[in-house]
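Heads up: the structure comes next, in structure tokens.
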């Protein structure tokens, strides 16, 4: 078994076999999105240089940009002290958010206790994601 | 019910009642740690201005710095498109990591497939955390 496979197996996955992945813009350090990876998604991310995740709701692996073309090129991967989360620094092509924003975190909590949109859309989701039949 | 309580109740918690919280340095944007919040931890974070989390392993709420004094002052909170994760921008006092580092993400994946420490310790854990009896 390779050193990389050892490294991936020794991570601490939760009871569903997942760890948290925080995707960050390698240049601006903005948090772009948070998702989950299982062992295979992490290995595929490292081996291909493109981010792969595991969707809890759809119960399948997916690659960022597989539909939108808004892929993420991996620049570096960091692990935390508990070995149950990774930070993935990427070069983001287009937007990380399927709602049309650069980052999924486009709303900030306001003084009034409500979420307020604090970013501008960079694309129209309808132009990028085709309706499914 | 207040607007803030409505906001907190309308978040999408997982089957364990938790959402992911990514804590980021408000100045440098470095990711400091990843943890989980339930409704009460999120409300306490907002109301006190100090980060509160829920520990899955210890099954209890905790406040960052309760033992070490290395507290986090909340500067802003962002939510993602799916309403199941927050980014909390903080002013970090001391280090976020109980292993003595500023950030829990002090290891980067190297070319050899192994984690390599890429940060310097800023405190000695033994000086800050007392052994439990």
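The values are calculated or read from the model by the stated rules, or taken from the named source; none is laboratory data. The structure presented is a predicted model; accordingly, all values stated were derived computationally and were not measured. Positions of Cβ are backbone-derived with ideal geometry, glycine not excepted, and every protein chain shown enters the neighbour counts.
Residues are listed down the side, and each one gets a yes or a no for (1) touching a residue at least 12 places away in the same chain (Cβ under 8 Å); (2) in contact with a strand residue (DSSP E or B) (Cβ under 6 Å, 6 or more places away or on another chain); (3) under 19 Å from residue A:73 (Cα atoms); (4) surrounded by fewer than 22 Cβ atoms within 10 Å (Cβ to Cβ):
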{"residue": "A:2", "(1), (2), (3), (4)": "no, no, no, yes"}
{"residue": "A:7", "(1), (2), (3), (4)": "no, no, no, yes"}
{"residue": "A:12", "(1), (2), (3), (4)": "yes, no, no, yes"}
{"residue": "A:15", "(1), (2), (3), (4)": "no, no, no, yes"}
{"residue": "A:23", "(1), (2), (3), (4)": "yes, yes, yes, no"}
{"residue": "A:28", "(1), (2), (3), (4)": "no, no, yes, yes"}
{"residue": "A:32", "(1), (2), (3), (4)": "yes, yes, yes, no"}
{"residue": "A:35", "(1), (2), (3), (4)": "yes, yes, yes, no"}
{"residue": "A:42", "(1), (2), (3), (4)": "yes, no, yes, no"}
Residue match in the range B:53-62 (condition: at pLDDT 95 or above and facing another protein chain (nearest Cβ under 10 Å)): no
Of residues in the range A:95-127 being surrounded by 12 or more Cβ atoms within 10 Å (Cβ to Cβ), part of a loop (DSSP other than H, G, I, E, B) and touching a helix residue (DSSP H, G or I) at 6+ places or on another chain (Cβ under 8 Å), the one farthest from the other protein chains (Cβ to nearest Cβ): A:100
Subset of the range A:1-17 [out of contact with any helix residue (DSSP H, G or I) (no Cβ under 6 Å at 6 or more places or on another chain) and either closer than 18 Å to residue A:81 by Cβ or within 9 Å of chain B (Cβ to nearest Cβ) (or both)]: A:2, A:3, A:4, A:5, A:6, A:7, A:10, A:11, A:12, A:13, A:14
